[in-house]
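Each remark here refers to the structure printed beneath this line.
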Amino acid sequence: MRMIEENKNIILQKKYKTNALVLLFIFEFLALSLSMIYNIENISNKDFYAYLSILILTMASSVLVKKITKTDNILLLIVNMLFAIGVAIIYRLNPAIGQRQLIFYIIGIFVFFITYFILKSKRNWDKHILFYFLISIFLFIATLIFGFASGGAKNWINIGPFSLQPSEFIKIPFVFFVASYYTNYNKFRKMAFGKYYLNIGIYVFILMFFIQRELGTAIIFFATMILAQFVYERDRKLILLNIIFIVLGSILAYFLFSHIKVRVETWIDPWSVIDDKGYQITQSLFALASGGLFGTGIGLGRPDYIPVAESDFIFPAICEEYGIFMGIAVVLLFLILVYRAIKISLQQEDKFFSILAFCIGSLFALQTFIILGGVLKLIPLTGVTLPFISAGGSSMIAGFILLACLQFSGQKMENGDNYEKEKQKQKKQR
């Protein structure tokens, strides 16, 4: 009976995944077709080839991930759906940016599989905590020396014709740093000031972000650390202390940085400065309201009235032309992605990859909440992007690297159950 039930579950799962792939194809086909028709006067052969490439690549990558990896392909399927929603609205707004977004997606998919095989080929990822810290510092210093300011924060570097945002890539060694610390938690606690190593490292990161004036990512880092401490930290006083510090740091940032003060003021009352500082957020709210439940339809709204609609404010653009129901669908897709990350964390027996999955899920959740909260006027605006949807190469590629780490974390480790070994060591010590 048990085998029959398991076979039924396998058949049902295959059926659901097949239906999801069909739904993804239909949505991409219709949304991209409407976007192309809207821009028919400006469409070139490159755009048509890009249109076909998006359809083929998203389908092929969703199928290929199951063949190559040992874990569920639902993660990449969710991300491909998010990408499809984003790239369709980007093409409607600006076909040139849509083409560039396709290039970033191709690079992201390639890097996704490369990262997976690198993780598979090496062991002892929890033994390099110093390396993760130093590579993060190197990226911070490179940004300070070679970077330029945008939107009040010095967080971009020019490399040829492309602009790179190192803070997006610092997220990768950051989650490895946190996972390495708590995997070797017992060892560090025996050292002098060892229980403060994680806090010291993160505070150095936060200081670097303060120097760069990039406080949106700083909040994501800090909040991810606090969530990890809620789950893995024994000293509960540290959590309370960190919460106090983040409140004090936010107040200090308000008085130190003029662009933070402007964002807080426009959050409190954007209508008094609607023609100036509050123009962006008010246009965002108008777009959300005018779309209604089902949207105006692709090409029938005016998301181009919103400054930076293809990047930071892509969610209101989606809601205006696709409707509030599509906005809810986007939120649900992110919720499923985070749920799958937490599920992987709970099921993974290797302690390092269990913590890594939790940190990646927390990071995706916090980044999504911060940007959606900003455009909905729930919290002050920040300069972070909506993962896998907003236009931008750094965010897209870094997101796919983190997704590959999550994908790898979902498989059962063939050798070395670190979690069980750690438990046995703890029993012996007791």
Two-decimal Rg/Rh across the stretch 253-318, once Rg and the Kirkwood Rh are taken from alpha-carbon atoms | 1.05
Top of ASN155, ASN45, ASN80 by mean-square fluctuation, Gaussian network on the chain, Cα under 10 Å | ASN45
Under the 7 Å Cα-to-Cβ spin-label approximation, ILE342 and LEU52 lie apart by a distance in nanometres of 4.4 nm
Let me know the shape class of the stretch 275-353, please: from the alpha-carbon gyration tensor, a ≥ b ≥ c as square roots of the eigenvalues, rounded when a/c is under 1.5, otherwise prolate if a/b is greater than b/c, or oblate.
-> prolate
Diffusion coefficient, µm² s⁻¹, Stokes-Einstein with Kirkwood Rh over alpha-carbon pairs of the stretch 124-198 at 20 °C and 1.002 mPa s = 155 µm²/s
Over the heavy atoms of ASP350, what accessible area does a 1.4 Å probe trace out, to the nearest 10 Å²?
-> 10 Å²
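The stretch 17-86: which trypsin sites (Lys or Arg not before Pro) are DSSP loop and have at most 14 other beta-carbon atoms within 10 angstrom? Mind dumping the intermediate values first?
Working: sites: LYS17, LYS46, LYS66, LYS67, LYS70; in loops: LYS70.
Hits after loop and neighbour filter: LYS70.
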In whole angstrom, the spacing between the Cα centers of the stretch 310-330 and the stretch 58-100 equals 17 Å
Taking a ≥ b ≥ c as the square roots of the eigenvalues of the Cα gyration tensor of the stretch 72-116, is the shape rounded (a/c under 1.5), prolate (a/b larger than b/c) or oblate?
-> oblate
Listed by chain and number, the residues whose amide H is under 5 Å from that of LEU164, excluding neighbours fewer than 5 places away on the same chain and using placed H, are ILE157, ASN158, ILE159
Which shape class, rounded, prolate or oblate, goes with the stretch 39-196 when its Cα gyration tensor gives a ≥ b ≥ c as root eigenvalues, a/c under 1.5 marks rounded, and past that a/b bigger than b/c marks prolate?
-> oblate
Given the chain, longest segment not containing exposed loop GluC sites (Glu not before Pro) (DSSP; at most 15 other Cβ within 10 Å) | 42-348
Rolling a 1.4 angstrom probe over the protein heavy atoms, how many square angstrom per residue are accessible across the chain?
-> 48 Å²
Please work out how much accessible surface VAL175 shows to a 1.4 Å probe, ignoring ligands, DNA and RNA, in Å² rounded to 10.
-> 0 Å²
Could you point to the label whose value was computed as P(r) over Cα pairs in 10 Å bins from 0, in percent for the structure here, given (i) 4, 18, 25, 22, 17, 10, 4, 0; (ii) 5, 22, 33, 28, 11, 1, 0; (iii) 4, 20, 30, 26, 14, 4, 1, 0?
-> (iii)
With at most 15 neighbouring Cβ atoms within 10 Å, loop chymotrypsin sites (Phe, Trp or Tyr not before Pro) (DSSP) excluded, longest segment of the chain = 1-192
So, in the stretch 101-227, how many Lys pairs have Cα atoms under 24 Å apart, if the pair is 8 or more places apart or on different chains?
-> 10
Quick one: ranking LYS190, LYS127 by accessible area, 1.4 Å probe, largest first, what do you get?
-> LYS190, LYS127
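The values are calculated or read from the model by the stated rules, or taken from the named source; none is laboratory data. What you see is a predicted model, and the numbers here were worked out from it, not measured in a lab. All Cβ positions, glycine included, derive from the backbone under ideal geometry; neighbour counts span all protein chains shown. Side chains are part of the model used for accessible areas, which takes the heavy atoms of the whole protein and leaves out ligands, DNA and RNA. Shrake-Rupley method; radii C 1.70, N 1.55, O 1.52, S 1.80 Å.
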